[in-house]
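Have a look at the structure below, then the notes.
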Amino acid sequence: LGPLDNPTKMLRDLVCSGKLSFLMEAHDGLSAAIVKQAGFKGLWASGLSISSALGYRDANEASWTEVVDAVERMVDASGLPILVDGESGFGNFNNARLLATKLLQHGAAGVCLEDKAFPKRNSFVGNRHPLVDIDEFSGRLRAVKDTTGNDLVLVARIEALIAGYGLDEALRRADAYADAGADAILIHSRKTDADEIMAFAKEWQKLPIVIVPTKYYRTPVSAYRDAGISTVIWANHAMRAAVAGMRAVCARIAAEESVAGVEPEVATLEDVFGLLRYDELASAEDRYLPKH
Ligand code: SPV
Ligand code: MG
């Protein structure tokens, strides 16, 4: 697919367009190619999904270099602008700006940093989600902005609602992160309805708002459009589809001692070859290999 002209501009246009846009999760090159084929214009490199695909827990067990490597495969395989889940930055301001620099060098379009301590854990796991204080996290954001400037979209993710501190604390943090140079705010919730997200969106309009309706999935997107929300991230559904699909196929093959039954259920090899552009390799061989 070749490198994108300007993935950062493409992501900025999606997140800051004033029109509701969608980022779809991927976790490796193959899932990224499928996201592209489905017609999505941008991709979320999910920490949860990348960790899960690598067999790690979403608790900063995967190293930042493993994340950068996974992102690079997604960039190459999809040609889409990618917003990368940068977790809490893998340390302090210095680790965060190094991560951002490396992501930029490897083709990412944006990074999302959350205001939690390292090591963080997934927002839906347990109740222990210590936040870092506002000044410390603002320093992390400023360090990333000073290092990557407008070459990387910087999304600041607020975990105050996840940690149980309520709307006022979330709003205070949003103001501070906007002042620190964030391009957009991701407000996260673990509630099964969108009420606290909607309350935040009603109170706060300084920057584009990004949301992740994993637990409050029943709310129709028209409600987000009406609330002026900028971007919806479908954060983990390619990974969860892979789990369900692989489990069903493996169980059936084990039970039937045959692959005949699952053949119509699985993607053909031609399908896989198409997704990964084997046709391009064939025409390159015609061009570059000796004819005899
Ligand atoms: C991820 O996809 O890794 C996220 C979103 O950070 S969540 O899992 O909801 O925390
Ligand atoms: Mg994550």
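Here, each number is a calculation from the coordinates, and none is a lab measurement. Since the model is a prediction, treat every value here as computed from it, not as a measurement. With ideal geometry, Cβ positions are generated from the backbone for all residues, glycine too; neighbour counts draw on all protein chains shown.
Remark: the VAL125-THR101 segment gains 5.7 nm on full extension, using 0.36 nm per residue and subtracting the alpha carbon distance. Residue separation of GLU61 and ASP135 scaled by 0.36 nm, minus their Cα-Cα distance, works out to 24.0 nm of gained length. Charge tally around LEU152: other residues with Cβ under 13 Å, Lys/Arg +1 each, Asp/Glu -1 each, net +2.
By its C-alpha gyration tensor, with a ≥ b ≥ c as the square roots of the eigenvalues, how is the range 12-54 shaped: rounded for a/c under 1.5, else prolate for a/b larger than b/c, else oblate? Since a/c reaches 1.5 but b/c is at least a/b, the shape of the range 12-54 is classed as oblate. One decimal place: the segment GLU270-ASP226 gains 11.6 nm when fully extended, by the rule 0.36 nm per residue minus the C-alpha distance. For the peptides 183-194, 56-67, the ranking by packing is 183-194, 56-67, with the highest mean count of neighbouring Cβ atoms within 10 Å listed first. Anyone know which of VAL84, VAL15, VAL212 comes out most mobile in the 10 Å Cα GNM of the chain? Taking springs between Cα atoms under 10 Å, the residue moving most is VAL212. With an a/c value of 1.5 or above and a/b larger than b/c for the gyration tensor axes a ≥ b ≥ c computed over the alpha-carbon atoms, the chain is described as prolate. The range 234-292 and the range 131-176 have Cα centres separated by 40 Å.
What the Cβ-Cβ distance of ARG218 and ARG240 gives, at R0 = 25 Å and to the nearest 0.05, is a FRET efficiency of 0.90.
For the range 192-244, trypsin sites (Lys or Arg not before Pro) meeting the loop criterion (DSSP other than H, G, I, E, B) and having at most 15 other Cβ atoms within 10 Å: LYS206, LYS215, ARG218. In percent, what relative contact order does the chain have, based on Cα pairs under 8 Å that are 6 or more apart in sequence? The value is 19 percent. Over 27 Å between C-alpha atoms is what I'm after, so list which of LYS9/LYS102; LYS36/LYS202; LYS41/LYS116; LYS36/LYS191; LYS145/LYS215 land there. Violating the 27 Å limit, Cα to Cα: LYS36/LYS202; LYS41/LYS116; LYS36/LYS191; LYS145/LYS215. In this Cβ point-charge picture (+1 for Lys and Arg, -1 for Asp and Glu), the range 130-255 has a dipole of about 800 debye about its Cα centre. Of ALA201, ALA267, ALA53, which has the largest mean-square fluctuation in a 10 Å C-alpha GNM of the chain? In this elastic network of the chain, the residue with the biggest mean-square fluctuation among ALA201, ALA267, ALA53 is ALA267. Rounded, prolate or oblate: pick one for the range 134-292, where a ≥ b ≥ c are the square roots of the eigenvalues of its C-alpha gyration tensor, a/c under 1.5 means rounded, and failing that, prolate if a/b is larger than b/c, else oblate. Note, shape of the range 134-292 comes out oblate. Under 20 Å of direct C-alpha separation, and excluding same-chain neighbours fewer than eight residues apart, LYS19 reaches these aspartates and glutamates: ASP183, GLU203, ASP226. Under the convention that each Lys and Arg Cβ holds +1 and each Asp and Glu Cβ holds -1, the size of the dipole of the chain around its Cα centre is about 500 debye. For the range 183-292, the list of GluC sites (Glu not before Pro) that fall in a loop by DSSP and count at most 15 other C-beta atoms within 10 angstrom reads GLU257. For GLY110, neighbours were defined as the other residues whose beta-carbon sits under 9 Å from its Cβ, and their charges (Lys and Arg +1, Asp and Glu -1) total 0.
As a check on your grasp of the helix formula, calculate [θ] at 222 nm for the chain: sum -39500 (n - 2.57) over DSSP H runs of n ≥ 4, divide by the residue count, round to the nearest 500. Calculated mean residue ellipticity at 222 nm is -14000 deg cm²/dmol.
Based on Cα contacts under 8 Å between residues 6+ apart, the range 166-292 shows a relative contact order of 17 percent.
The trypsin sites (Lys or Arg not before Pro) of the range 75-162 that meet both conditions, a loop assignment by DSSP and at most 12 other Cβ atoms within 10 Å of the site Cβ, are ARG128.
Remark: relative contact order (the range 68-124) = 43 percent; criterion is Cα-Cα distance under 8 angstrom and separation of 6 or more residues.
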